1. Can you give me the pair-distance distribution of segment 189-345, C-alpha pairs, 10 Å bins, whole percents?
2. What fraction of the Cα pairs in segment 196-270, stated in percent, has a spacing above 16 angstrom?
3. Could you tell me the extents of segment 249-293's C-alpha atoms along the three principal axes, largest first, rounded to whole Å?
4. In a solvent-free Debye calculation with one equal scatterer on each Cα, what is log10 I(q)/I(0) for segment 154-225 at q = 0.12, 0.13, 0.22, 0.28 Å⁻¹, listed in the order of the q values?
5. If exposed trypsin sites (Lys or Arg not before Pro) are those in a DSSP loop with at most 15 other Cβ within 10 Å, what is the longest stretch of the chain that has none?
6. I need the Debye-formula profile for segment 1-160: one equal scatterer per C-alpha, no solvent, reported as log10 I(q)/I(0) at q = 0.12, 0.14, 0.16, 0.17 1/Å, two decimals.
7. At 0.36 nm per residue, minus the direct Cα-Cα distance, what do R164 and Y339 gain on full extension? Give it in nm, one decimal, please.
8. How would segment 274-348 be classified by its alpha-carbon gyration tensor: rounded, prolate or oblate, with rounded meaning a/c under 1.5 and the a/b versus b/c comparison settling the rest?
Amino acid sequence: MKNVKLGKSDIDVSAMTIGCWPFGGGEYWGEQSQKDVDSVVHAALDLGVNTFDTAEMYNDGESERSLGKALKGHRNKAIVISKIGPSNCHHVRKHCVQSLERLGTDYLDVYMLHWPINKLAVEHFTSDKNILAAPPTIEEAYAQLDALKKEGLIRSIGMSNFGRTQMEEVVRTGVQVDVNEMSYNIVSRAIEAEIAPYCLANNISIIGSMGLQQGLLAGIYKTPDDIPAHQAHSRHFPNHRGGGTSRHGEAGAEKEIFEAVNQLRKIADDLHIHIAALSIAWILKKPFMASTLIGSRNIDELKINVNACSYELSDEVEKRIDEISQPVLDILGNNPDYYEHSSKSRIF
């Protein structure tokens, strides 16, 4: 397992990050036993995966609690990332301490602002009229994050889902920011245009989320009808697919996506690897990717994902996959907010 230095920090993250959103169970992902969480976390550490990503909002804090239980006695081996919602940034220290308590640790390796601070983003996290009328500012949030770092409660400061302009606002605060976590996979390539080049130029690492597009790029679904409605509410799919949960109002690119997935299956078969391994190897071949965030619900999934991290994809195959997915990129464009209409983005 390769390790990469995170931004300007002294933190080494593994090429694969364990996505902990399903931990603790919840409405979105369904039940997740603590026994399976313990097994995945312990096996991941044994296999060289040291990085775990959670957030205060995941399953109302149960993800953090579940990860904390699994890391008991193993905390010194792990890099733990958690996130604070933008609506909570008037009181960053309070929310950080609550996350620490749920995780059962006295420090976080990386603490991120989960989404940028703007009206549309804040509305997704709160209906509190006082906060909506006077939301936190970037300067306020990052000054508090910097204070937490000086206090020793966090080791590194990050951001998640920040666009080029929003990253520039953070950099202007003078606070050292080491990482931006962004959606990135074969059918979600929006960051390539502006965000990845800016991060490379400013020594800000990228951890990619949604590496397998919630199972789509692991070959789980044969047709769009197979995808659960709550996992089909992004702009990848027509608005009706979300079963009432979609809000983007666009036509989607599901025809092009499933044509691409079918071609990926053939490439994977020819290479005698799993399609999930192919999808992960493609991500990690990109020079701007420090790590890719992958969910692993059990040991079998974990082993496939870990093996993919050491697979050397040829330049020829990488180029072929770029070509296969270009029609999807042409439709979805360079806006990395896949859940709002492309003209109404929380990321800019």
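Here, each number is a calculation from the coordinates, and none is a lab measurement. Keep in mind it's a predicted model, so treat the numbers as computed, not measured. Positions of Cβ are generated from backbone atoms using ideal geometry, with glycine treated the same way; all protein chains shown enter the neighbour counts.
1. Pair shares across the bins are 10, 38, 38, 13, 0.
2. Value for segment 196-270: 58 percent of Cα pairs lie more than 16 Å apart.
3. Computed over segment 249-293, the largest-to-smallest principal extents equal 33, 27, 15 Å.
4. Scattering profile of segment 154-225, log10 relative to I(0): -0.39, -0.44, -0.92, -1.29.
5. Segment 73-221 is the longest.
6. -0.52, -0.70, -0.90, -1.00
7. 61.2 nm is the gain from fully extending R164 to Y339.
8. It is oblate, given that a/c is not under 1.5 and a/b is not larger than b/c.
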